[in-house]
Amino acid sequence: CLAYANGTQPERPAPKQKKPIPVREFTTVVLKCESSVLMRQRPLRGLLAGMWEFPELQHLSLLDTSHLEDIGMVTHVFSHFRANYRVLTGTTDSATAVRESTWVTLPNLPLLAIPMAQQRIARLALP
């Protein structure tokens, strides 16, 4: 490099150390009822505004979640954090109304705006 050739290497600043990317943990639930799956639309402001996702366990506090099966983890790296999604699946006999969530038929799932991480969750959890 030119600094080495000119003998001015010690005068050059060293590259700044990158800060470690924060890690956020999520527990996502893929709940099925016959040929439908429960989806939640994200708020209209903020990260992934208005897009659709599988609900997090915390949004299903009124449902019995004791029958859910842990099927694995999906990791996605955003520009400013790493998201680890623990994926739980289960089925229910009735399409119970869940606040801020909607039952979507599997054929209509590709019509929704779904973020890449949620698409990977769908590939893991749905046939």
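Pull up segment 27-36, narrow it to residues that are among the polar types (S, T, N, Q) and within 22 Å of T75 (Cβ to Cβ), then point me to the one that is least open to solvent (accessible area, probe 1.4 Å).
T28
Being closer than 30 Å to T75 by Cα and not in a strand (DSSP E or B) is the filter here; which residues of segment 1-26 pass it?
Once the filter is applied, which keeps residues that are closer than 30 Å to T75 by Cα and not in a strand (DSSP E or B), segment 1-26 yields P15, K16, Q17, K18, K19, P20, I21, P22.
Report, by residue number, each residue of segment 82-112 that is surrounded by 13 or more Cβ atoms within 10 Å (Cβ to Cβ) and part of a loop (DSSP other than H, G, I, E, B).
Result: T92, A95, T96, V98, L112.
Out of everything in segment 7-28 that is of a type in the set (A, V, I, L, M, F, W, C) and at pLDDT 95 or above, what residue ends up being nearest to R120 (Cα to Cα)?
Looking at the filtered set, the residue picked out is F26.
Between a first residue in segment 1-27 that is in contact (Cβ under 8 Å) with a residue 40 or more places away in the chain and a second residue that is open to solvent by less than 100 Å² (accessible area, probe 1.4 Å) and assigned to a helix (DSSP H, G or I), which pairs have beta carbons less than 8 Å apart while being 6 or more apart in sequence or on different chains?
From residues that are in contact (Cβ under 8 Å) with a residue 40 or more places away in the chain, the pairs are T27/L57.
For residues that are in contact with a helix residue (DSSP H, G or I) (Cβ under 8 Å, 6 or more places away or on another chain) and either more than 30 Å from T65 (Cβ to Cβ) or among the charged types (D, E, K, R) (or both), tally how many sit in segment 2-34.
Count: 4.
Based on this model, can you work out whether M39 counts as surrounded by 13 or more Cβ atoms within 10 Å (Cβ to Cβ) and farther than 18 Å from A125 by Cα?
So M39 fails the test.
The values are calculated or read from the model by the stated rules, or taken from the named source; none is laboratory data. Quantities reported herein were computed from a predicted structural model and do not represent experimental measurements. Positions of Cβ are generated from backbone atoms using ideal geometry, with glycine treated the same way; all protein chains shown enter the neighbour counts. Note: areas computed on protein heavy atoms with side chains; ligands, DNA, RNA excluded. Shrake-Rupley method; radii C 1.70, N 1.55, O 1.52, S 1.80 Å.
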